[in-house]
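J.: Quick one: this structure, given as structure tokens, is what I'll be asking you about.
Rule-based calculations on the coordinates, nothing more; no lab input. Since the structure is predicted, the reported quantities are computational estimates derived from the model, not experimental observations. Cβ placement follows ideal geometry from the backbone for every residue including glycine, while neighbour counts extend to all protein chains displayed.
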Amino acid sequence: MNAQQRIKHITTWIRDYADAHSIQNLVVGISGGIDSSVVSTLCARTGIATHVLSMPIRQRPELHDLSQRHGCWLIQQFDNVAMHTVDLTPVYDRFVELWDQPNDLALANSRARLRMTALYQVAQTVGGIVVGTGNRVEDFGVGFFTKYGDGGVDISPIGDCMKTQVWEMGVALDILPEIVAAPPTDGLWDDGRTDQDQLQGLTYPELELAMTQDEQGIEPATEQERHALSVYRCIREQTLHKMRPIPVCRLDQ
């Protein structure tokens, strides 16, 4: 599929799912990043009432500005969109105070889980569902999401799309150029580290190629590809628990 075909296919899929389950409201968190911008736009294109939430937590000004600008752009483009800004910083700050020895990674994940809680608060209030914004390489390749945070959703419209395909859809949807061009980041760290910083220096195209090589048994062609595949497999091994069903102790085993 090209970008326009993917856009049509995913928009129809969301609408069909909503119709089949009598869903009249879609809830999406927007971060100022490409994934949430594309997903929220696809939801808006369905014609179904779409609630977009910007949920800053000690947010860097440039990221919060992009999420606000995208939300305003959606409202201008679609009459079925409502935007909500929920500042979770006071809640998070109080949460941090509870721990004598806070762990930075645990607190970063707690930010994502606070946002998930806010999304479900709105979804249950309006009788809707939470729409996920994870792509294929993040959610099913390297497990680059927070368990029960941004991984806690009801449907996953772009879960079968590579990151590069999401960028292509962003351009086709006329998403703000600043969002398309921005370095991907989960926005969970005070120091503003990017996804590439957290993924041991690999870019998304490198990760996508490594994922394809790993799944299809393709031999890397260069030393850099071999390095990328090794890093990909290492990250994946550490995060597989997120992508597998919860282990259940069976009484008949």
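J.: Can you pull out the residues in the stretch 106-132 that are of a type outside the set (S, T, N, Q) and farther than 16 Å from Ser156 by Cβ?
T.: Ala106, Leu107, Ala108, Arg111, Arg113, Leu114, Arg115, Ala118, Val122, Val126, Gly127
J.: If I ask for residues that are over 24 Å from Asn109 (Cα atoms) and of a type outside the set (A, V, I, L, M, F, W, C), which ones from the stretch 152-180 would you list?
T.: Result: Thr164, Gln165, Glu168, Gly170, Asp174, Pro177, Glu178.
J.: Which one is nearest to Trp189 (Cα to Cα) among residues in the stretch 73-125 that are hydroxyl-bearing (Ser, Thr, Tyr) and surrounded by 12 or more Cβ atoms within 10 Å (Cβ to Cβ)?
T.: Only one residue fits best here, namely Ser110.
Residues checked against (1) out of contact with any Gly (no Cβ under 8 Å at 6 or more places or on another chain); (2) under 20 Å from Gly149 (Cα atoms):
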{"residue": "Gln77", "(1), (2)": "yes, no"}
{"residue": "Met83", "(1), (2)": "no, no"}
{"residue": "Tyr92", "(1), (2)": "yes, yes"}
{"residue": "Asn103", "(1), (2)": "yes, yes"}
{"residue": "Ala108", "(1), (2)": "yes, yes"}
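J.: Another one. Being outside any helix (DSSP H, G or I) and among the polar types (S, T, N, Q) is the filter here; which residues of the stretch 124-143 pass it?
T.: Of all residues in the stretch 124-143, those outside any helix (DSSP H, G or I) come to 127-135, 142-143.
Across the stretch 124-143, the qualifying residues are Thr133, Asn135.
J.: What residue, among those in the stretch 3-48 that are surrounded by fewer than 20 Cβ atoms within 10 Å (Cβ to Cβ) and hydroxyl-bearing (Ser, Thr, Tyr), is farthest from Ile179 (Cα to Cα)?
T.: Ser22
J.: Taking interchain pairs and intrachain pairs at least six residues apart, which have beta carbon atoms under 8 angstrom, with the first residue in the stretch 144-169 and outside any loop (DSSP other than H, G, I, E, B) and the second small (Gly, Ala, Ser)?
T.: Partner pairs satisfying both residue conditions: Ile155/Gly132; Gln165/Ala3; Glu168/Ala3; Met169/Ala3.
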